[in-house]
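Visitor: Right, I'll just put the structure down here and ask away after.
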Amino acid sequence: MARNRRRSNRSRKGGFSTGAVIGTIALSAVALGMVAAFGWLKYQAMSTISLDKVSLCPTTGPTSETAILLDVTDPISDATSIDLKNQFERLVSSVPVNGAIDVYALTAKEGKLERTFHGCNPGSGDLANEWTSNPKLVQQRWEKGFQKPLDDIAGKIGSGASGEFSPIMAGIQRISLEAFQPLPAAINKTLFIASDMVEHTADFSSYRDGVSVTKFEASPAREKFRTSLDGVQVKILAFQRPGQKFKMEDLATFWKSWVEKNNGEFAGFTRLEGLQ
């Protein structure tokens, strides 16, 4: 009988030890889960990118750059205006989160642009993390600082006034200096030009010299407007004047030559609908 009691005691002690071990493991798992959750939340909070309050760009710099040059030296037709507005809105929607966009209006004064917008896409509330940020505030920030100002610009497209000159090359040069060259070489850079693409300055004028690459190369404009477009994709959205004597194909060939001789990547020449 004594032997049986000792065996029973060992059995109870063994059962108690197994339960204690299981309980300890369970508590440890819960503790580890809490630590992991806390660590994840802390990591998410620390990994949230700090943004500049004015531009909404990362304080470390944008992750891409999209510049848009709008030629408002002459008004455009309603059909062209609608097409350009649609194109503009698609460009804005394609800007990635933390990517920058700069919108410039060409003026008749050589190298004098009007920058109508500079900022980054901070991301809408739909992309916000509910655990580490306030989606409603994120949405308000996106609408006020990014989407609405660009919507306002889109709404005014086509309201330009006639100008004596159309210094497109000088405008591109200014954008390269201000928007592209300060950025690291590895960042994606894209330039969209919405214009009739008829260069008209004292140094070179298509009205006087045509769209001859040879004549341009022999003109003072070749060196004056020499522009570093290294790593920049250039796409043209062209509108046409009624009775314009230049063929769109010839304009495309001329500007493709100019972009590539300045080390840029010619990404296309699209004719917008309607006549200016």
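The values are calculated or read from the model by the stated rules, or taken from the named source; none is laboratory data. Everything numeric in this text was worked out from a predicted model, so none of it was measured. In this analysis, Cβ positions are derived from the backbone assuming ideal geometry, glycine residues included, and neighbour counts consider all displayed protein chains.
Visitor: Considering only segment 62-94, how many residues are modelled with pLDDT under 95 and outside any helix (DSSP H, G or I)?
Guide: Result for segment 62-94: 8.
Visitor: Which residues, counting only those in segment 233-243, are surrounded by fewer than 17 Cβ atoms within 10 Å (Cβ to Cβ) and touching a strand residue (DSSP E or B) at 6+ places or on another chain (Cβ under 6 Å)?
Guide: Correct list: P242 only.
Per-residue answers, yes or no, for (1) more than 24 Å from E65 (Cβ to Cβ); (2) exposed (fewer than 15 other Cβ atoms within 10 Å of the Cβ); (3) of a type in the set (D, E); (4) in the same structural domain as I68 (by TED's automatic domain parsing):
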residue: I168; (1), (2), (3), (4): no, no, no, yes
residue: A185; (1), (2), (3), (4): no, yes, no, yes
residue: F204; (1), (2), (3), (4): yes, no, no, yes
residue: V211; (1), (2), (3), (4): yes, no, no, yes
residue: F225; (1), (2), (3), (4): no, no, no, yes
residue: G231; (1), (2), (3), (4): no, no, no, yes
residue: K245; (1), (2), (3), (4): yes, yes, no, yes
residue: W258; (1), (2), (3), (4): no, no, no, yes
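Visitor: Give segment 138-153 a look and list any residue that's touching a helix residue (DSSP H, G or I) at 6+ places or on another chain (Cβ under 6 Å) and closer than 16 Å to D102 by Cα, or say none. Full working, then the answer.
Guide: Within segment 138-153, the first condition is being touching a helix residue (DSSP H, G or I) at 6+ places or on another chain (Cβ under 6 Å), and the residues that meet it are 138-139, 150.
Hit for segment 138-153 is L150, nothing else.
Visitor: Based on this model, can you work out whether I236 counts as under 24 Å from E65 (Cβ atoms) and either assigned to a strand (DSSP E or B) or aromatic (F, W, Y) (or both)?
Guide: So I236 passes the test.
Visitor: When you check I157 against the structure, is it of a type in the set (V, I, T) and in contact with a His (Cβ under 9 Å, 6 or more places away or on another chain), yes or no?
Guide: Against the criterion (of a type in the set (V, I, T) and in contact with a His (Cβ under 9 Å, 6 or more places away or on another chain)), I157 does not qualify.
Visitor: Check segment 105-117 and report whether any residue there is over 29 Å from K224 (Cβ atoms), in contact with a strand residue (DSSP E or B) (Cβ under 6 Å, 6 or more places away or on another chain) and either surrounded by fewer than 21 Cβ atoms within 10 Å (Cβ to Cβ) or at pLDDT 95 or above (or both).
Guide: Within segment 105-117, not a single residue is over 29 Å from K224 (Cβ atoms), in contact with a strand residue (DSSP E or B) (Cβ under 6 Å, 6 or more places away or on another chain) and either surrounded by fewer than 21 Cβ atoms within 10 Å (Cβ to Cβ) or at pLDDT 95 or above (or both).
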